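Reviewing the structure listed below.
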Amino acid sequence: MVMLRPFRPLRYNPAVIGDLAAVVAPPYDVIPEAHRDVLYERSERNVIRLILNRSADRYATAAQLLHAWQRDGVLVRDKAPALCRYVEDFVLPNGEARQREGIIGIVRVEPFSSGQIRPHERTLARPKEDRMRLLRACRTNLSPLFALFADKPQVLDAATGVAATRPPDIDVRDDANVRHRLWLLTEASVIEAISAALAEESIVIADGHHRYETALAYSEERRAQGGHDPDAPYNFVLMYVTSMSHPGLVILPTHRVLSKSASFDAPKFTAQLQRHFGLRHFPRSAREEFLAALHEPPRLGRFGVVSAGADDLVLATLDDSAVADQYAGHLHAVVRRLDVPILDSVILRGLIGIDVTAAAQDGRLAYMHDDVAALHAVEQGAQVAFLMNPPDLADVQAVCLAGQTMPEKSTYFYPKLLSGLVFHPLEPD
């Protein structure tokens, strides 16, 4: 069973921090270096100095700052345990307004083998080592994970009803003009109703796979050191949960941009591509038509290919699903039919011949979520961009139910949860 509990939030003191927008930040793994520097200069108390410190010993520095901010009253801990109703109001690139809501609490960490908490993407060793070093130093969950439970949107009803009677405890807009509102729910009846409704559910991690695996490893490490209390805070992780059927749930595409690869030759690649894919060519001036065709249903197995120096934009559609079996036969059938495994296994690894993981780690392969930005990257010197369609939630769920995982960077849930709204200390006061 999934154990969701209230917690005593550690958060910025409104009596000290007048403008919360000056101290919040996106999750650490979506912050480019230039934006990190902007956040650094915005405030000497910005949460970026905890989650992505740029000092030589950034883990020790983060821990020192966290301690100092608590000592000086910049951060204060609420006395009453609470769940948090968290609402985000945002606008999609097409101008459509959406709202997503969920609950923040703490959830007992479980190994994936239990089936109670399921991943949907693979993880990398380097980010997990980074987050473990930060967790050991700070002994605090600095950002909530993002998870989904199957259907049951009525789980959120109790929180919605109570929150409707009072203004939010936190109300802030981020740099993307997303409005974030948070209500602290301390009513025992509300907490019990939400926790009980989720008790028989399993949940899928949407964002934060590296942090979840780190939290699990940290819990096991503390128990190995003699920690025997099953209710100790280090056996739990800060988590935002919402329904998989919530109308505000949005997945954006994750395009691939290859900056430099000795094995990439545009004419040779196009010749290889047309052996397995049907190719449709658009003049560079027909960008909007090209993007519209990319997103037309059915979308599986369709990619936009934009090469430096090429006269046209290419829409590639997989002709024969057996090609995926040829190049990605090592993957479960439910995984290898999806776009990211097709792109990674058939096109990047198979036809171009690059190690996707190594290319991502050394900066040759970048990930972008905006169509225009990916096109612009090629204009600015990248070799080739592959434009994607996002996976459907049904695909994510099917992968999880099959006990499988998608390649890293398969999904990009939007908008992101802010870091700096609430923290979860893993030690007593």
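Derivation of every value follows stated rules applied to the coordinates shown; laboratory data play no part. If you're wondering where the values come from, they're calculated on a predicted model, not measured in any experiment. Quick reminder, even Gly has a Cβ in these numbers, built from the backbone with ideal geometry, and neighbours come from all protein chains shown.
Identify the residues of the stretch 126-141 with backbone N under 20 Å of a label point that sits 7 angstrom from the Cα of residue 55 along the Cα-to-Cβ direction, or state none.
Taking a point 7 Å out along Cα→Cβ of residue 55, the residues of the stretch 126-141 whose backbone N falls under 20 Å are 130-141.
Relative to the longest principal axis of the C-alpha atoms of the chain, give the angle of the C-alpha long axis of helix 125-138, reported between 0 and 90° and rounded to the nearest 10°.
Tilt relative to the chain: about 20 degrees.
In square nanometres and to one decimal, what's the mean projected area of the convex hull around the Cα atoms of the stretch 135-272?
Answer in nm², one decimal: 14.6.
Ratio to report: Rg/Rh of the stretch 291-342, with Cα atoms as the point set and Rh obtained by the Kirkwood method; give two decimals. Intermediate values should be presented prior to the final figure.
Working: Rg = 12.7 Å, Rh = 12.2 Å.
On the Cα set of the stretch 291-342, Rg over Rh gives 1.04.
Roughly what percent of Cα-Cα pairs across the stretch 237-281 reach past 18 Å?
Values: 619 of 990 pairs.
The share of Cα pairs beyond 18 Å in the stretch 237-281 comes to 63 percent.
Length gain on complete extension for the stretch residue 91 to residue 367, per 0.36 nm per residue less the alpha carbon to alpha carbon distance? Walk me through the numbers before you get to the answer.
On the way: separation 276, 0.36 × 276 = 99.36 nm, distance 2.15 nm.
That pair, residue 91 and residue 367, stretches by 97.2 nm at full extension.
If each of residue 78 and residue 13 carries a label point 7 Å out from its Cα toward its Cβ, how far apart are those two points in nm?
For the pair residue 78/residue 13, the computed spacing is 1.8 nm.
Bin all alpha-carbon pair distances of the stretch 1-155 at 10 Å intervals from 0 and give each bin's fraction as a whole percent.
With a bin width of 10 Å, the distribution comes to 9, 30, 38, 21, 2.
In nm, to one decimal, how far is the modelled label at residue 228 from the one at residue 394, with both set 7 Å along Cα→Cβ?
5.2
For the pair residue 133 and residue 98, what calculated FRET efficiency results from E = 1/(1 + (r/R0)^6), where r is the Cβ-Cβ distance and R0 = 45 Å, to the nearest 0.05? Display every interim value, and only then the final one.
Details: r = 36 Å, r/R0 = 0.80.
After rounding to 0.05, the efficiency reads 0.80.
Would you mind working out the magnitude of the charge dipole of the chain relative to its Cα centre, with +1 at each Lys and Arg C-beta and -1 at each Asp and Glu C-beta, to the nearest 20 Debye?
Values: 47 positive and 54 negative charges, 148 e Å.
That gives a dipole near 720 debye.
Which is the longest part of the chain that has none of the GluC sites (Glu not before Pro) sitting in a DSSP loop with at most 12 other Cβ atoms within 10 Å?
Result, exposed sites excluded: 201-429.
Need the full-extension length gain, residue 217 to residue 320, defined as separation in residues times 0.36 nm minus the C-alpha distance. One decimal, nm. Write out the running numbers ahead of the final one.
Values: separation 103, 0.36 × 103 = 37.08 nm, distance 4.20 nm.
Gain on extension, residue 217 to residue 320, equals 32.9 nm.
In a Debye calculation with equal point scatterers on the alpha-carbon sites of the chain and no solvent, what is log10 I(q)/I(0) at q = 0.06, 0.07, 0.08, 0.13 Å⁻¹?
Results for the chain at q = 0.06, 0.07, 0.08, 0.13 Å⁻¹ read -0.27, -0.36, -0.47, -1.19.
With just the Cα atoms of the stretch 254-389, tell me how far they stretch along each of the three principal axes, in Å, largest first.
Over the stretch 254-389, Cα extents along the principal axes are 39, 35, 27 Å.
Starting from the Cα-Cα distance between residue 376 and residue 310, subtract it from 0.36 nm times their residue separation and give me the gain in nm to one decimal.
Details: separation 66, 0.36 × 66 = 23.76 nm, distance 1.39 nm.
Separation in residues times 0.36 nm, less the Cα-Cα distance, equals 22.4 nm.
Would you calculate, for the chain, the mean residue ellipticity at 222 nm contributed by helices, counting each DSSP H stretch of 4 or more residues as -39,500 (n - 2.57) and dividing by all residues, to the nearest 500?
Values: 14 runs with 130 residues, N = 429.
That calculation yields -8500 deg cm²/dmol at 222 nm.
How large is the convex hull of the C-alpha atoms of the stretch 369-417 per residue, in Å³?
That works out to 108 Å³ per residue.
Counting other Cβ atoms within 10 Å of each Cβ, which trypsin sites (Lys or Arg not before Pro) in the stretch 48-96 have at most 12 and sit in a DSSP loop? The partial results should precede the final answer.
On the way: sites: 49, 54, 58, 71, 77, 79, 85; in loops: 54, 79.
Here the sparse-neighbourhood loop sites are 54, 79.
Running a GNM on the chain with Cα contacts under 10 Å, which residue among 126, 166, 118 ends up with the highest mean-square fluctuation?
Comparing 126, 166, 118 in a Gaussian network model of the chain, the most mobile one is 166.
Taking the alpha carbon gyration tensor of the stretch 322-429, what are the square roots of 5 times its eigenvalues, largest first, to the nearest whole Å? Can you show the working numbers first?
Values: eigenvalues 157, 98, 40 Å².
Ellipsoid half-lengths, sorted descending, are 28, 22, 14 Å.
For the stretch 159-210, state the semi-axes of the equivalent ellipsoid (square roots of 5 times the eigenvalues of the alpha-carbon gyration tensor), sorted largest first and rounded to whole angstrom.
On the way: eigenvalues 110, 87, 11 Å².
Equivalent ellipsoid of the stretch 159-210: 23, 21, 8 Å, largest first.
Any idea how far the Cα center of the stretch 267-323 sits from the one of the stretch 346-396, in Å?
Value for the Cα centre distance between the two parts: 14 Å.
Please give every one of the lysines within straight-line cross-link reach of residue 268, meaning a C-alpha to C-alpha distance under 30 Å, and leave out same-chain neighbours fewer than 8 residues apart.
The reachable lysines, counting only those whose Cα sits under 30 Å from residue 268, are 260, 409.
With each pseudo-label sitting 7 Å past Cα toward Cβ, what's the residue 272-residue 160 distance in nm, one decimal?
5.0
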